[in-house]
Structures are given as structure tokens and as C-alpha cells.
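The values are calculated or read from the model by the stated rules, or taken from the named source; none is laboratory data. None of the values given here were measured: they were computed from a predicted structure. Don't worry about glycine lacking a Cβ; one is built from the backbone with ideal geometry, like all the others, and counts go over all protein chains shown. Please note that ligands, DNA and RNA were not included when accessible areas were found on the heavy atoms of the full protein model with its side chains. Shrake-Rupley method; radii C 1.70, N 1.55, O 1.52, S 1.80 Å.
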Amino acid sequence: MQLALLKALNEERTARRAAIVVTALGTGEQRLVKAVDAAKDELHEMLERRLRSGKSGTEETPKGKFFLTVFVPPPRLVVTGAVHVSQELAPMAQRLGYDVVIVDPRTAFATPERFANIKLIADWPDKVLPSLAIDAHTAFAALTHDPKIDDPALLHALSKDCFYIGALGSKKTHATRLERLKSQGAADTQLSRIHAPIGLSIGAVSPAEIAVSILAEITARLRLGEEPRK
Amino acid sequence: MQQENLLGTAAAWRAEGRKVALATVTETWGSAPRPVGSNLVIDGEGNFLGSVSGGCVEGAVVAEALDVIESGKPKLVSFGVADETAWEVGLSCGGKISVYVEPVT
């Protein structure tokens, strides 16, 4: 590997941008494909599939055997609401490999006692979220049920290319939420990105079951790269 | 998911003027302890960080890496039960792996 390529790769990794190193196993020829350039590449189908799965591997092509080393940043889960569901959701998400951040300005909820070993920020989302640099490897879930907290956070998430946005609340709650967000300037095409009611429909009742349904939906979005079936 | 920053180390070692090789698991069969894409970073003195197996074949990969650093040419090496050297280097878990070893130049 050329040092210049290694440095360029490390730059992408540090900036939390995905990239693939393509190595021709026959000749040793190597190139770096940044995620933004994957669609333009001659191997774009393979590259895009591998960027979604995050898995490195060997590909046979008419031009020979290539090894694709895939670098995707660890996924993150940003949640508004230090609520009961979040207490179950956060440790489960950590087991799935997510860096978890919970944001809730209500200091009665956001206590280290309720969230051991979880990154917790007791402040308003519109103040905090911009500094978190929400990106394509981030999932966002609005779980407070409180428009004062969830709405600004949703508007921020909608302005970013996070791979998943979900919001807790019934269909009725969501309909009124959509009206509010629209009146604040959000377009219909943007709003359709919100998964609500949040989570796959598995009849979840307890906070832990709701956490499972949310993580199943997030996983489907991450791994299938398409709208999971409700 | 959390990976130590082996590629950062590779670049840093190179910047210090050390000779460096990078080994990457390209294929696995059967029970292999480290997934495809796992890295071992080796310097010209035989110092290494990371892993390509559960510690079974690292010694052999380091030897290959020193060879690669010397020749400047990458190579693809395999370890496994089908290989006579498997027992010698101790991949006794019954798995088989291919490792791409390349110089960082």
C-alpha cells in the first residue's frame, strides 16, 4: 500500500466517512474509493452493496480477482429522551455495536443512575445536536413524547443524511407532529423519512420489547438499505 | 465494531522511518477466529500489532511480512488444515484463512 493512499484512507476514517480499498490480487494494484465516489466507479454495484453491509471480501470480476477492504465508521444511535424505553434501548444498542448518545434537558430523567455507562447530555437538543455531527452512519430516535424537545431534534435530523429517523407516538400523535413540523418549514419529502409509529410492528408492549422493535427497524434500515416492511 | 487504530499506527510507524508491512485477512473457511478485513501491522524489526487469527499464525505472518518488506512485493498466503504447515504454525482450530501481505511504501 502506498503511504499516500494509507494517509488518504486514514483521513476518511477520522472524518467518519466510509471508504473502500480495492486491491487487484493478481497485480497488487490498489486504489481508494471514497463512499461519495462509489456510484461513479466501474465496480459500483459491488462497492455499494459492500458499503451497506460493511463487510470486506473478495470479488471475481471479468477483470480478475479483487479484494475489497471496507471501512465504515461504527454506527451511532442518538436518542432524545432519557425515558424508560431508552433505558432498555441504550444497552441493547451498545451490544449491537452502536455508540449511543442520549440527550434530554430534563435533569430528573437524565441521571447517571438511570443510565450507567451511557453517554448522557442533559441539555436541549437544538443546542447539543449540531456538535454531535450527525452523519450517514447515525440513527436518530425521538422518544420524549414532548414536542418542545423532540420537534427541534427531528428538524435537525431531517437536515442531515442519517440512515434512520424514528419518532415515538401513535398515528394520531404523528399526524399532529407532521402538521407542526410542516408549519416550521419541513417539506413532505423530508417528513416521509420519519418512521412513525417507531419500530417494527411486533406487538411490543414492555419498554424492552419496544426497544427490540426499534432496533429491529434500525437494523433492517442499516443492512437492507431499504424501507423495512411494517 | 470498535477497532483499534491499526492503520493510524501503520502510517505513524512509516512516518517515523520504520519499514512497515500490512497483513489483511482476505478469506476464511470453517472456524476462523478473526473476520475478513482484520489487520496485522508489522515493522521491519518484527514488532506487530493487531491480529489475523486467535494468535495461531501471527508468527508465520510476521515472517512473511519481513520477507515482503525485503522484496517490496505483496503476496497472498494461506494457512489451514489442508496445508502441511498448518500444524507447524498451529492453526489447530480447523479453520483456513488467506492473508494478503503487502509493504507500505
For chain A, what does the relative contact order come out to in percent, with C-alpha contacts under 8 Å and a separation of six or more? 15 percent
For the stretch B:11-20, 3J(HN,Hα) per residue [Karplus equation, 6.51 cos²θ - 1.76 cosθ + 1.60, θ = phi - 60°, Hz, x = Gly/Pro]: 5, 5, 4, 4, 4, 6, x, 6, 7, 9
Heavy-atom accessible surface of the protein assembly as shown: percent carbon and sulfur, 1.4 Å: 52 percent
Rounded to whole Å², per residue accessible area for the stretch A:3-71 with a 1.4 Å probe reads 53 Å²
Only loop residues by DSSP count here, and only those with at most 16 other Cβ atoms within 10 Å; note down the trypsin sites (Lys or Arg not before Pro) in the stretch B:1-59 that meet that. B:R18
Measuring from the longest principal axis of the C-alpha atoms of chain A, the long axis of helix A:3-14 (C-alpha) lies at a number of degrees, nearest 10, equal to 10 degrees
State, in square angstrom and to the nearest 100, the accessible area buried between chains A and B, both chains counted, probe radius 1.4 Å. 1700 Å²
For A:L120, list long-range residues whose amide hydrogen, built 1.01 Å from N in the peptide plane, is under 5 Å from its own amide hydrogen. A:I102
Helix-only mean residue ellipticity at 222 nm for the protein assembly as shown, each DSSP H run of n ≥ 4 adding -39500 (n - 2.57), per residue, nearest 500: -10500 deg cm²/dmol
Helix A:44-53 axis, angle to chain A major axis (alpha carbon atoms, nearest 10°): 40 degrees
Within the stretch A:1-77, which trypsin sites (Lys or Arg not before Pro) sit in a loop by DSSP and count at most 13 neighbouring Cβ atoms inside 10 Å? A:K63
Tell me, how many Å apart are the Cα centres for the stretch A:175-191 and for the stretch A:102-133? 25 Å
Across the stretch A:96-104, in residue order, what do the Karplus-derived ³J(HN,Hα) couplings come to in whole Hz, using 6.51 cos²θ - 1.76 cosθ + 1.60 with θ = phi - 60° and x for Gly and Pro? 7, x, 7, 7, 10, 10, 10, 10, 7
Among beta bridges assigned by DSSP with both residues in the protein assembly as shown, the antiparallel ones amount in percent, to the nearest 5, to 65 percent
Lysine pairs, Cα distance under 18 Å, 8 or more residues apart or cross-chain: how many in chain A? 14
May I ask what percent, to the nearest 5, of DSSP beta bridges between residues of the stretch A:1-142 are antiparallel? 55 percent
